[in-house]
Amino acid sequence: MLLAIDIGNTNLVIGCLKDDKILFKARIATDRTRTSDQYGVEIKNMIEAFGVSVGDISDCIISSVVPPVFNSVKTGVIKIIGKQPMVVGPGLKTGLNIHMDVPSQVGSDRIVIAVAALAEYKAPLILMDMGTATTIEVVEPENRYLGGVIFPGVRLSLDALTSRAAQLPGISLDQPKQVIGKNTVDCMRSGMMYGTAAMIDGLIDKIGQELGHSSTIIATGGLAQFIIPLCSHEIILEKDLLLKGLNIIYKKNKK
């Protein structure tokens, strides 16, 4: 059984896979102050809460975009499973042909998502991950990873707005009833939700014009399920690309 962990800026996504099937997926808040012991205990408790025995885990793979947290999580995992995890980074086989100025600087989560998408869909692809940041990446035929776009995620934008505008309250990200809000909260919701959807639609149009052709569009990430239904383009929602991609990369590289 494989333990797969993606360390994001807001959450750790944790899952166990057996025979390419995801047994469970869970999230733990990313906390830069936690020690390796704390992460180890929390990961162990989360695994066992879903009825999986730590003793059944044969290996682990980790991807991370948060260097200060990575070592604590890695050491915590070693303490609970007694093995060195595989780490997504330069030197691992991914099957991607990365056309970036500095390929080693591409976030491991973006690589993992691209690998997972290519296993299920045919390029050309436009891939979105909606988390702390919203990323858009472009993959062309022959697994050519061209690059993409990064902009602040919905919650990050909302936090910035409420912290810098004294009279604007904190709000939940419920779907607005209409674009034109009739009160402050609805106006903010409309701006965050429809505004992000309009930005995504506009960027997809610009990318299509630059490429000169249409692409299959896929979205993942914790906030995608709230924003994608508001977009005008046909976008496929895939909730488990991170875990699927980690599993594929592990199989490509295991000895």
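Taken residue by residue, segment 212-222 has no member that is in a helix (DSSP H, G or I), at pLDDT 95 or above and under 18 Å from Gly147 (Cβ atoms).
Yes/no matrix, rows are residues, columns are (1) in contact with a Cys (Cβ under 8 Å, 6 or more places away or on another chain); (2) closer than 22 Å to Thr10 by Cβ; (3) modelled with pLDDT under 95:
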site: Val54; (1), (2), (3): no, no, yes
site: Ser58; (1), (2), (3): no, no, yes
site: Ile61; (1), (2), (3): no, yes, no
site: Pro68; (1), (2), (3): no, yes, yes
site: Gly82; (1), (2), (3): no, no, yes
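Results for (1) open to solvent by less than 70 Å² (accessible area, probe 1.4 Å); (2) within 17 Å of Asn11 (Cβ to Cβ); (3) in contact with a Gly (Cβ under 9 Å, 6 or more places away or on another chain), shown as yes or no for each residue.
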| site | (1), (2), (3) |
| --- | --- |
| Gly202 | yes, no, no |
| Asp205 | no, no, no |
| Gly208 | yes, no, no |
| Ser214 | no, no, yes |
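If the condition is being in a strand (DSSP E or B) and of a type in the set (Lys, Arg), then segment 225-247 contributes no residue at all.
Taken together, the residues in segment 153-200 that are polar (S, T, N, Q) and touching a residue at least 60 places away in the same chain (Cβ under 8 Å) amount to 1. Flag: Lys74 does not match the condition of being in contact with an Asp or Glu (Cβ under 9 Å, 6 or more places away or on another chain) and either charged (D, E, K, R) or exposed (fewer than 12 other Cβ atoms within 10 Å of the Cβ) (or both). Assess whether Ala198 counts as being touching a helix residue (DSSP H, G or I) at 6+ places or on another chain (Cβ under 9 Å) and either hydroxyl-bearing (Ser, Thr, Tyr) or under 30 Å from Ile5 (Cα atoms) (or both). In short, no. Give all pairs with beta carbons closer than 7 Å in which a residue from segment 221-246 that is among the aliphatic types (A, V, I, L, M) meets a residue that is part of a loop (DSSP other than H, G, I, E, B) and at pLDDT 95 or above; count only pairs at least 6 apart in sequence or on separate chains. Once the first residue is among the aliphatic types (A, V, I, L, M) and sits in segment 221-246, its partners that are part of a loop (DSSP other than H, G, I, E, B) and at pLDDT 95 or above give Ile228/Ile235.
In contact with a Cys (Cβ under 9 Å, 6 or more places away or on another chain) and surrounded by fewer than 16 Cβ atoms within 10 Å (Cβ to Cβ): does that describe Ala198?
yes
Tell me the strands (runs of 3 or more DSSP E) entirely within segment 78-187 that contain at least 2 residues that are open to solvent by 30 Å² or more (accessible area, probe 1.4 Å) and within 29 Å of Leu3 (Cα to Cα).
Numbers: elements: 125-130, 133-140, 144-152.
The qualifying strands (runs of 3 or more DSSP E) are 144-152.
Within segment 19-46, residues that are hydrophobic (A, V, I, L, M, F, W, C) sit with their Cβ atoms under 8 Å from residues that are open to solvent by 90 Å² or more (accessible area, probe 1.4 Å), at 6+ positions apart or across chains, in these pairs: Leu23/Phe50; Phe24/Phe50; Ala26/Phe50. Checked against (1) part of a helix (DSSP H, G or I); (2) in contact (Cβ under 8 Å) with a residue 12 or more places away in the chain; (3) surrounded by fewer than 16 Cβ atoms within 10 Å (Cβ to Cβ); (4) among the basic types (Lys, Arg), Lys251 meets all criteria but (2). The C-beta contact set for segment 96-110 (first residue farther than 10 Å from Ser63 by Cβ, second residue part of a helix (DSSP H, G or I) and β-branched (Val, Ile, Thr), distance under 9 angstrom, 6+ apart or interchain) comprises Leu96/Ile111; Leu96/Val115; Ile98/Ile111.
The values are calculated or read from the model by the stated rules, or taken from the named source; none is laboratory data. Just so it is clear, the model here is predicted, and its values are computed rather than measured. Reconstructed Cβ throughout: ideal geometry from the backbone, glycine too, with neighbour counts over all protein chains shown. To get the accessible areas, we keep the full protein, side chains included, count just its heavy atoms, and leave off ligands, DNA and RNA. Shrake-Rupley method; radii C 1.70, N 1.55, O 1.52, S 1.80 Å.
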